[in-house]
Amino acid sequence: MDSTILAKSLVACAVAVVGSTLHGTVGIGFGLFVAPILALIDPLFVPGPILLSGLVLVVLMAYRERQAIDSSGMTLALVGRVVGVLAAIAVLAILPKREMTVFFGVLVLLAVLLSVSDLHIRPTTWAIISIGMLSGLMSTTSAIGGPPMALLYQNSPGARLRSTLSGYLIFGTIISLLSLAFIGRFSYDELRLSFVLLPGVLIGFLFSTRALVFLDQKHTRAAVLVISAVSGLVVILRALL
């Protein structure tokens, strides 16, 4: 293997370690952290290889804390997500994607501000469906759909947040990968790069399992709020620049 290719592969793997450790501990953040860096190493990393390696990560997370999954909440959110994706397709045909992306980024920041106030959203049936719709809209327009769900479950135990969000993301990621394959954006080259990231994802997952003890000592909510706020800012800046 060429030394340059080997060096890039090692750097990409190291980035995946950090991103999967973050995501495996908090429940969100993998794509947010790795996408900008990996795009500089090789644009083919985005989005297919990141989605496939991220799928492996969330499957492991869902299995690790499977007993804590809010099955009914996850199902309701998935119903909302389907509606949200369909709505996004319809709206994108009318409104420019740039303005839509900025709008949803602002919504995430607003949700963070509401969360640090005394007003908290309870995961009721309609709240979960509505948040699922918002997540579907955001994922379709900005590729970042995790923060709304994470904010909804921010006051839940860490295991419940991570496992439920992971189960929810499994469905959305599969749909995205199938869509990419259908339009020819996920082929052998993307599959090869996915395997470059997988060792880092597995190592990061193991690291995250060790870190859970610290985070679950009442630090989960703070981590979710910080990462969600950063996600909202990234979405807005990426659309404006």
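Would you confirm whether or not segment 155-162 contains a residue that is modelled with pLDDT of 80 or more, part of a helix (DSSP H, G or I), within 25 Å of residue 13 (Cα to Cα) and touching a Ser or Thr at 6+ places or on another chain (Cβ under 9 Å)? Taking every residue of segment 155-162 in turn, at least one turns out to be modelled with pLDDT of 80 or more, part of a helix (DSSP H, G or I), within 25 Å of residue 13 (Cα to Cα) and touching a Ser or Thr at 6+ places or on another chain (Cβ under 9 Å).
Within segment 19-39, is even one residue surrounded by fewer than 19 Cβ atoms within 10 Å (Cβ to Cβ) and either modelled with pLDDT of 90 or more or not in a helix (DSSP H, G or I) (or both)? No, because not a single residue in segment 19-39 is surrounded by fewer than 19 Cβ atoms within 10 Å (Cβ to Cβ) and either modelled with pLDDT of 90 or more or not in a helix (DSSP H, G or I) (or both). Test each condition in (1) among the basic types (Lys, Arg); (2) at pLDDT below 70; (3) closer than 22 Å to residue 26 by Cα for residue 97 and report the one that comes out false. Of the numbered conditions (1) among the basic types (Lys, Arg); (2) at pLDDT below 70; (3) closer than 22 Å to residue 26 by Cα, the odd one out for residue 97 is (3).
So is residue 130 within 17 Å of residue 234 (Cβ to Cβ), assigned to a helix (DSSP H, G or I) and either under 14 Å from the mean Cα position of the chain (by Cα) or at pLDDT 75 or above (or both) or not? It is false that residue 130 is within 17 Å of residue 234 (Cβ to Cβ), assigned to a helix (DSSP H, G or I) and either under 14 Å from the mean Cα position of the chain (by Cα) or at pLDDT 75 or above (or both).
The values are calculated or read from the model by the stated rules, or taken from the named source; none is laboratory data. Everything numeric in this text was worked out from a predicted model, so none of it was measured. No Cβ is skipped: glycine too gets one built from the backbone with ideal geometry, and neighbour counts run over all protein chains shown.
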